[in-house]
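Step one of this worksheet: look at the structure below.
The values are calculated or read from the model by the stated rules, or taken from the named source; none is laboratory data. Predicted model only: the values in this text are computed from it and were never measured. Here the Cβ positions follow ideal geometry from the backbone for every residue, glycine too, while neighbour counts run over all protein chains shown.
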Amino acid sequence: MDVLPFNDDLLNYWAHYGIFEDTLRHFKVRSLKRYESISAEGKKFELKASPTEPIFAYPGIDYIKLYRPHSAKMRFLYGGRMPAIYCFGMEQIPTKGDMLFITGGEKDVLSLYAHGFNAICFNSETAQIPESIIESLRLRFRHIIILYDADETGLREARRQTEQLAEYKILNLTLPLCGSKTEKDVSNYFALGNGSKELKALLSKMFSDMYSQTMMMLRSCEIDYDNPPDASKSVVAVNGVPLGTQDNLFCITGGE
């Protein structure tokens, strides 16, 4: 593995998404000139970077994940011993925080961090998020939000993950993107000219909608102490013992 220093052309690729060299260094992202290894079939192979096909690397302990953004084949490649649970960005998140995004890929983690947000990703959107990790993260972050791609796969998997992790109150934010190849993930969202302000506005609306439902339910429980309610009247009783009163029975009807 030959490391290639980041030049202007390589940095321009990342800058398109608001990611600069300090973020790349913080996450230990590397640019490679050449990579050679042995395939699962035992054959030796070599990859060489070019101005039109750069090779970026996300190194870990005893493994490496390669990213070739402009390559038609093998955009992602793995080398070494991959861990049982691959999670990018876990080392960089704070001990405590308000929000944590679980997103679809490493580039999205980088772009979110560059815009002031905490984020991690697993191996892919279709990988099941381990409950053991979610349990740990719930102790550290107030809100955990799934932010997957706005394409068919991302929307489906975001719903599935949210449902399977419902007991942990995981939230799901869908970006207002068309879902095309160049307009589907949060990196594309930033590349289109949006920034932290616009993403925070989406979050504000999501939380507002969520808490307005809760407040609507709570208002029915409020007591006006200047006008206290009448004494409860028994509706159902057995041998003089009330089993249901007007204020503890809730009915759902067919119309207003």
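Among the residues of this structure, Leu155 counts as one that is of a type in the set (A, V, I, L, M, F, W, C) and at pLDDT 95 or above.
Inspect region 194-205 for any residue being assigned to a strand (DSSP E or B) and under 16 Å from Phe101 (Cα atoms) and give the result as yes or no.
In the first step, residues of region 194-205 are kept if they are assigned to a strand (DSSP E or B); the result is none.
Checked against the condition, which is being assigned to a strand (DSSP E or B) and under 16 Å from Phe101 (Cα atoms), region 194-205 yields no hits at all.
Can you work out which of the residues in region 13-39 that are among the small types (Gly, Ala, Ser), within 30 Å of Ser196 (Cβ to Cβ) and without any contact (Cβ under 8 Å) to a residue 40 or more places away in the chain is surrounded by the most Cβ atoms within 10 Å (Cβ to Cβ)? Step by step, filter region 13-39, then rank; the result is Ser31. Taking the criterion of being surrounded by fewer than 21 Cβ atoms within 10 Å (Cβ to Cβ) and β-branched (Val, Ile, Thr), the residues of region 146-190 that qualify are Thr153, Thr162, Thr174, Thr182.
Just to confirm my filter: which strands (runs of 3 or more DSSP E) fall fully inside region 1-116 and include at least 3 residues that are in the same structural domain as Arg142 (by TED's automatic domain parsing)?
Details: elements: 30-38, 44-48, 55-60, 63-67, 76-80, 97-103.
Because the criterion is at least 3 residues that are in the same structural domain as Arg142 (by TED's automatic domain parsing), the strands (runs of 3 or more DSSP E) in region 1-116 that meet it are 97-103.
Among the residues of region 40-57, is there at least one that is within 29 Å of Leu199 (Cα to Cα), surrounded by 16 or more Cβ atoms within 10 Å (Cβ to Cβ) and at pLDDT 95 or above?
Narrowing region 40-57 to residues within 29 Å of Leu199 (Cα to Cα): 56-57.
Retained after the next criterion (residues that are surrounded by 16 or more Cβ atoms within 10 Å (Cβ to Cβ)): 56-57.
Retained after the next criterion (residues that are at pLDDT 95 or above): 56-57.
For region 40-57, residues within 29 Å of Leu199 (Cα to Cα), surrounded by 16 or more Cβ atoms within 10 Å (Cβ to Cβ) and at pLDDT 95 or above: present.
Per this entry, Tyr211 is not counted among residues that are among the hydroxyl-bearing types (Ser, Thr, Tyr) and surrounded by 14 or more Cβ atoms within 10 Å (Cβ to Cβ).
Looking for something in contact with a Leu (Cβ under 7 Å, 6 or more places away or on another chain), without any contact (Cβ under 8 Å) to a residue 60 or more places away in the chain, of a type outside the set (Val, Ile, Thr) and outside any helix (DSSP H, G or I) - is there at least one such residue anywhere in region 178-188? Checked region 178-188: at least one residue is in contact with a Leu (Cβ under 7 Å, 6 or more places away or on another chain), without any contact (Cβ under 8 Å) to a residue 60 or more places away in the chain, of a type outside the set (Val, Ile, Thr) and outside any helix (DSSP H, G or I).
Residue under question is Ala150, and the condition is that it be of a type outside the set (S, T, N, Q) and in a loop (DSSP other than H, G, I, E, B); does it hold? Against the criterion (of a type outside the set (S, T, N, Q) and in a loop (DSSP other than H, G, I, E, B)), Ala150 qualifies. Determine if region 114-122 includes at least one residue that is β-branched (Val, Ile, Thr) and closer than 24 Å to Phe207 by Cα. Within region 114-122, one or more residues are β-branched (Val, Ile, Thr) and closer than 24 Å to Phe207 by Cα.
What are the residues in region 1-30 that are within 20 Å of Ala49 (Cα to Cα), among the hydrophobic types (A, V, I, L, M, F, W, C) and at pLDDT 95 or above, if any? Phe6, Leu10, Leu11, Trp14, Ala15, Leu24, Val29, listed by residue number.
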